[in-house]
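Before any comments, here is the structure.
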Amino acid sequence: MEKYIYIIENSFSGYFNYLINEITNPSWTSYFYWLIGLSLLVWLFEIILPWRKDQKIFRKGFWLDSFYILFNFFLFSLIVYNALSNVAVELFNDFLSIFGIDNIVAIEIDNLPAWVQLLIMFVIADFIQWNVHRQLHKRPWLWEFHKVHHSVKEMGFAAQFRFHFMETIIYKTVQYIPLAMIGFGIKEFFVVHMFAVFVGHLNHANLGWNYGPLGYILNNPKMHIWHHSKELPDDRPYGMNYGLSLSIWDYLFGTAYVPKSGKKITLGFSGDENFPEGFGNQTLFPFKRSDKVKPKQS
């Protein structure tokens, strides 16, 4: 028990010191400044090349989404996630040790070129996320948390990070074992993660891009806007276009749907007029609901 208490205490102080160092000592691997830089870059794209020209630069929900970026990227880790994940990993390793297993690395890829390692990690992680995302729409209890993300009524780059903190726990928990079976260094993870952030910003941005033929591989704004459609086809009651960075999974497994330009479609979900608007109430919403509804959005 003392070991876990030490891990918790060290996690809080360690992450706090890491965050302060990130801000005060910028480097090429500083999440803080990369996030700000990528956000400003995509926002600049929105200002110069807006798809919905009548949408304001400071759109509805802009400041709320900006706080979600800060919370989900940094504050949540500082408050609880870093300590929780470190304890969970230690518990998992202790469990493995019962069976005499030191680690679960099954595939050694250290001898592969760096770009191959990056590609493998990116593809595996994105496929796992695509599957988790489908479940967020299909499972009623998961959909209650995912409603936070679909409460966005006007799309912009920062909408990517409007999501309930429970999604972080769900995604990371499901990803842990598959990715732990392949060894990756922190530098590789940083590159993959920041690329995913960039693509996610673009997907939610007020941009009319689809990347031409590349759009069948890479997710894009014109495709992802339909994922946020309030009105869904009868044959797709749980939604469509679940890809996070890659669209290829949706095309391979029949969940892709881009019938026409989604420039003017209404965003949200059925009943969202009663969904709270503030961060605190949105965070508490899934825990308060007593009349859980099916995850169908329309």
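The values are calculated or read from the model by the stated rules, or taken from the named source; none is laboratory data. No experiment lies behind these values; they were computed from the predicted model shown. Methodologically, a virtual Cβ is constructed for each residue, glycine included, from the backbone with ideal geometry; neighbour enumeration extends over all protein chains shown.
Side notes on the structure shown:
- Considering only residues in the stretch 132-182 that are of a type in the set (Val, Ile, Thr) and outside any helix (DSSP H, G or I), the one that is nearest to the chain's Cα centre (by Cα) turns out to be 148.
- Residue 242 being of a type in the set (Phe, Trp, Tyr), at pLDDT 95 or above, in a loop (DSSP other than H, G, I, E, B) and touching a Ser or Thr at 6+ places or on another chain (Cβ under 8 Å): yes
- Cβ pairs under 8 Å, 6+ apart, first in the stretch 190-208 and on the phi < 0 side of the Ramachandran plot, second among the basic types (Lys, Arg) and crowded, with 17+ Cβ neighbours inside 10 Å: 206/52; 206/59; 208/222
- Pairs meeting the criteria (first residue in the stretch 19-45 and touching a residue at least 12 places away in the same chain (Cβ under 8 Å), second residue surrounded by fewer than 12 Cβ atoms within 10 Å (Cβ to Cβ) and among the aromatic types (Phe, Trp, Tyr), beta carbons under 9 Å, at least 6 apart or on different chains) are 34/28.
- With respect to the conditions (1) touching a helix residue (DSSP H, G or I) at 6+ places or on another chain (Cβ under 7 Å); (2) modelled with pLDDT of 95 or more, residue 30 falls short on a single one, namely (2).
- Looking only at the stretch 183-205, and only at residues there that are outside any helix (DSSP H, G or I) and crowded, with 17+ Cβ neighbours inside 10 Å, the one that is modelled with the highest pLDDT: 205
- Candidates 82, 111 - the one that is of a type outside the set (A, V, I, L, M, F, W, C), surrounded by 16 or more Cβ atoms within 10 Å (Cβ to Cβ) and more than 24 Å from residue 247 (Cβ to Cβ): 82
- Helices (runs of 4 or more DSSP H) contained entirely in the stretch 1-112, each with at least 1 residues that are within 28 Å of residue 199 (Cβ to Cβ) and basic (Lys, Arg): none
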